[in-house]
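Colleague: One structure follows; several queries about it will come next.
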Amino acid sequence: HGLTPQNLLRTEESDLAQLLTPVGFHQNKARFILKTCQMLVDQYAGDIPETLEALVSLPGVGPKMAYLVLNVAWEKAEGICVDVHVDRISVRLGWVPETIPGKKNRTPEDTRKVLESWLPTSEW
């Protein structure tokens, strides 16, 4: 069949959730995948959007995944993919301060902005 949005839409949510069981939040992810597939078919002719704004509008897609997709699928280095692990390592290495002025808690998005402020774009 091929792993396409059209083919995934033929899969029952419960069957998809069962396949995703080893993954955390598998039921939510199954629902997000099917909603995303429907949006891809309806709004993007079954393709992947090529803008950050369009990608983060998809269910379950945040900045980390959007930047990753832009880089890998479209060869656009528009941002660094930062998850909680990159965030913690960046602090331990001293690349990012433990606190961000004016913020109670530092987020991976804050870390991304700090890293992008000094890391050359070619390294993203």
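The values are calculated or read from the model by the stated rules, or taken from the named source; none is laboratory data. These numbers come from a predicted model, not from an experiment. Please note: Cβ atoms are built from the backbone with ideal geometry, for glycine as well, and neighbour counts cover all protein chains shown. For accessibility, only protein heavy atoms count, side chains too; no ligands or nucleic acids. Shrake-Rupley method; radii C 1.70, N 1.55, O 1.52, S 1.80 Å.
Colleague: Restricting attention to the range 41-124, which trypsin sites (Lys or Arg not before Pro) occupy a DSSP loop and are surrounded by at most 15 other Cβ atoms within 10 Å?
Modeller: Answer in residue order: 76, 103, 104.
Colleague: What are the ³J(HN,Hα) values, in whole Hz, obtained from phi via the Karplus relation 6.51 cos²θ - 1.76 cosθ + 1.60 with θ = phi - 60°, for each residue of the range 36-45 in sequence order, with x given for Gly and Pro?
Modeller: Along the range 36-45, the couplings run 5, 4, 5, 5, 4, 5, 6, 10, 10, 6 Hz.
Colleague: Let me ask you something else. State the percentage of accessible surface on the chain attributable to carbon and sulfur atoms; use a 1.4 Å probe and exclude ligands, DNA and RNA.
Modeller: 56
Colleague: Within the chain, which is the longest segment containing none of the GluC sites (Glu not before Pro) that sit in a DSSP loop and have at most 11 other Cβ atoms within 10 Å?
Modeller: 13-74
Colleague: Another one. Return, for the Cα atoms of the chain, the radius of gyration and Dmax in Å, separated by a comma.
Modeller: Computed over the Cα atoms of the chain, radius of gyration and Dmax are 17.1, 52 Å.
Colleague: Quick check for you: with a 1.4 Å probe and neighbouring chains kept, what is the accessible area per residue of the range 50-117, in Å²?
Modeller: It amounts to 62 Å² per residue over the range 50-117.
Colleague: Any aspartates and glutamates with Cα under 15 Å of the residue 113 Cα? List them, leaving off those in the same chain fewer than 8 positions away.
Modeller: Filter leaves 78, 83, 87, 98, 123.
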